[in-house]
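What follows is a set of notes on a single structure, which appears directly below.
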Amino acid sequence: MADQTLSTSEWPANAVPSDPIPRSRKRLGWALMAVATLGLLAVIALQILYKADIDAVGFETWRPIVYAYVLWGITIGIGQVLTRGEDGQRALFLLPALLFTIAMVIFPTLFGFYIALTDWNLSSVSGRTFNGLDNFWQMLNDPYYRNALFNMVFYVLAVFVEYIIAFGLALLLNAQIRARKFFRVVFLMPLMLSPVAVSWMIGKSLMEYRFGPAATLARHLGWENPAFFSNPITARISIMVLDAWTFIPFMMIMLLAGLQAMSREVLEAARVDGATAWQTFWQVTFPLMLPVSVTAVILRIIFKLKLADIIITVTSGGPGGATDSVSSFIYREYRDRSNVGYGTMLAMAYLIIIIVFVTWLLKFASRFVRNVN
């Protein structure tokens with residue numbers, strides 16, 4: 001029997017494959033999703049105008065927004081089924097995760113931008129009032145915020161010193177030394193401690209000016225005034241040391257895992273070819289470890305951008321803001337000054353800086369690894 005099935009190229013020019021979903025059903029689905037989206041946006045805009053005292057029509061609480069959002073999510077699901085058929089039914093499995101992400105990430109971020117445009121001090125009896133870009137101009141003229149950003153440059157650059165130390169420890173623990181497992185546990189102990197516990201145990205106790213063991217040892221070594229946190233430069237370095245002692249094991253364990261996964265045949269081939277230990281490391285080990293190294297450094301930088309707990313516990317940003325990170329400065333803006341509006345503006349600006357910086361860092365790291373390999 002002759003094959004009567006026509007290929008796509010054999011169809012007549014005016015023939016169109018049949019669509020199992022009627023056009024009227026698709027139009028209904030798109031109409032439902034459009035009406036639901038416009039309705040949700042209208043309710044949100046109405047509530048924002050009401051809370052900003054621009055419009056007299058609105059709701060006393062944000063609960064109707066939640067109801068409108070749930071109704072919007074249900075309508076979007078129905079619209080997906082109407083317009084896409086079986087593909088829309090499969091998309092329903094992803095819809096709860098999407099709605100949860102929007103509710104827990106997108107909405108709070110947008111609400112944060114709204115709070116950043118208000119004058120809201122918890123100690124004020126006037127409550128929250130809309131002030132436009134006043135907080136933004138105040139931020140640009142704030143020397144303490146610029147100083148915190150400047151400190152973050154030093155803190156981030158310190159990651160590369162931490163990486164060198166972590167790589168050295170990883171090489172040491174990867175070598176055939178005695179009590180290797182014991183030293184692995186010992187070097188991982190700082191990572192098991194809370195940064196707040198490290199702050200009190202070392203920053204508040206060992207490095208205490210009068211009776212701390214570190215200060216006493218420094219006096220015996222000839223340092224007449226071993227105040228680790230009274231001088232801006234010394235205080236900043238001390239904070240870097242405390243943070244490094246806590247998180248160097250994080251990079252060390254990642255690098256150690258990369259070293260143990262490395263092929264031994266490659267290293268043995270380099271030794272057979274007469275390569276010295278330094279040549280083996282620089283021309284074989286380091287290039288092969290580059291992807292792991294870049295991942296460890298990027299993750300450590302991301303953690304460093306959130307540095308706050310050690311600074312808040314040990315110095316509270318002092319002396320004179322010399323040790324402040326952006327996170328600790330924003331925290332004190334909330335806690336000490338109860339300035340929610342201005343603190344949120346600082347946080348939103350820092351969020352944008354982090355997104356731009358991390359995006360550039362990922363692209364640069366990808367290009368760097370590709371060029372080296």
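The values are calculated or read from the model by the stated rules, or taken from the named source; none is laboratory data. Computed from a predicted structure; not experimentally measured. Using ideal geometry, Cβ is built from the backbone for each residue, glycine included, and neighbour counts are taken over all protein chains shown. Side chains included, ligands, DNA and RNA excluded: accessible areas come from the protein's heavy atoms. Shrake-Rupley method; radii C 1.70, N 1.55, O 1.52, S 1.80 Å.
Across the options Ser123, Ile177, Gln80, the greatest Cα extent toward the positive end of the charge dipole of the stretch 62-210 (unit charges at beta carbon of Lys, Arg, Asp, Glu) belongs to Ile177. FRET efficiency for the pair Phe183 and Val372, taken as 1/(1 + (r/R0)^6) with r the Cβ-Cβ distance and R0 = 25 Å, rounds to 0.20. With all protein chains in place and a 1.4 Å probe, the accessible surface of the chain carries 69 percent carbon and sulfur. Counting 0.36 nm for each residue step from Phe150 to Met201 and taking away their Cα separation leaves a gain of 15.6 nm. Extension gain for the segment Ile298 to Phe357, taken as residue separation times 0.36 nm less the Cα-Cα distance, is 20.1 nm to one decimal.
Of all segments of the chain bounded by GluC sites (Glu not before Pro) found in a DSSP loop with no more than 10 other C-beta atoms within 10 Å, the longest spans 61-223.
In debye, nearest 20, what is the charge dipole magnitude of the stretch 201-343 about its Cα centre with +1 on Lys and Arg Cβ and -1 on Asp and Glu Cβ, if you could check?
Numbers: 12 positive and 10 negative charges, 65 e Å.
Using Cβ point charges on Lys, Arg, Asp and Glu, the stretch 201-343 gives about 320 debye.
With the cut-off at under 14 Å, measuring from each backbone N in the stretch 268-305 to a point 7 Å along the Cα-to-Cβ line of Gln176 picks out 268.
From Cα pairs below 8 angstrom and at least 6 apart in sequence, can you work out the relative contact order of the chain, rounded to a whole percent? Could you put the intermediate results ahead of the total?
Working: 346 pairs, mean separation 74.1, N = 373.
Result for the chain is 20 percent.
Leaving out ligands and nucleic acids, and using a 1.4 Å probe, what accessible area per residue does the chain come to in Å²? All intermediate terms of the calculation are to be shown ahead of the outcome.
On the way: 22520 Å² over 373 residues.
Per residue, the chain has an accessible area of 60 Å².
Rounded to the nearest 500, the 222 nm mean residue ellipticity of the chain from helices alone is -21500 deg cm²/dmol, with -39,500 (n - 2.57) taken per DSSP H run of at least 4 residues.
Can you give me the span-like helices of the chain, meaning DSSP H runs with 15 Å or more of Cα extent along the axis and Kyte-Doolittle mean at or above 1.0?
Working: long enough: 23-51 (42 Å, 0.88); 63-84 (32 Å, 0.90); 143-174 (46 Å, 1.35); 180-192 (18 Å, 1.05); 232-261 (43 Å, 1.47); 286-304 (25 Å, 1.77); 340-372 (46 Å, 1.48).
TM-like helix candidates: 143-174, 180-192, 232-261, 286-304, 340-372.
With charges only on Cβ, +1 for K and R and -1 for D and E, what is the dipole size of the chain about its Cα centre, in debye, rounded to 20? Display every interim value, and only then the final one.
Values: 29 positive and 22 negative charges, 135 e Å.
So the magnitude is around 640 debye.
Per-residue SASA remark: Phe160, around 100 Å² accessible (1.4 Å probe; ligands, DNA and RNA not included).
Note on Ala97/Val66: beta-carbon distance plugged into 1/(1 + (r/R0)^6) with R0 of 22 Å gives a FRET efficiency of 0.75.
Using the C-alpha atoms of the stretch 242-314, what convex hull volume per residue, in cubic angstrom, is computed? Before the final figure, lay out the partial values.
Numbers: hull volume 6.1 nm³, N = 73.
Each residue corresponds to 83 Å³ of Cα convex hull volume.
Each of Ser338, Val369, Leu40 was scored by the projection of its Cα onto the charge dipole of the chain, and the greatest displacement toward the positive side belongs to Val369; charges sit on the C-beta of Lys, Arg, Asp and Glu.
Taking 0.36 nm per residue of separation and subtracting the Cα-Cα distance, full extension of the segment from Val241 to Leu41 would add 67.1 nm.
Which of the trypsin sites (Lys or Arg not before Pro) across the stretch 177-233 are loop residues per DSSP, with 16 or fewer other Cβ within 10 Å? Intermediate results must be reported in sequence, preceding the final value.
On the way: sites: Arg178, Arg180, Lys181, Arg184, Lys204, Arg210, Arg219; in loops: Arg178, Arg210.
Of the trypsin sites (Lys or Arg not before Pro), the ones in loops of the stretch 177-233 whose Cβ has at most 16 other Cβ atoms within 10 Å are Arg178, Arg210.
Look at the dipole of the stretch 162-317 built from charges on Cβ: of Pro291, Phe303, Ile202, the Cα furthest out on the positive end belongs to Ile202. For the chain, what is the number of Lys pairs with C-alpha distance below 24 angstrom, counting only pairs 8 or more positions apart or on separate chains? For the chain, qualifying lysine pairs total 4.
Taking the simple approach of a point 7 Å from Cα along Cα-to-Cβ for both Ile54 and Asp273, what is their distance in nm? Rounded to a tenth, the inter-label distance reads 6.7 nm. Once all protein chains are placed together, Ile353 keeps about 80 Å² accessible to a 1.4 angstrom probe.
Count Lys and Arg as plus one, Asp and Glu as minus one, and take only other residues whose Cβ is under 15 Å from that of Ala215; the net charge is then +1. All other residues whose Cβ lies under 14 angstrom from that of Gln260 are scored, Lys and Arg at +1 and Asp and Glu at -1, for a net of +4.
Rolling a 1.4 Å probe across all protein chains gives Leu290 an accessible area of roughly 10 Å². For the stretch 308-360 versus the stretch 273-290, the inter-centroid distance based on Cα atoms is 42 Å.
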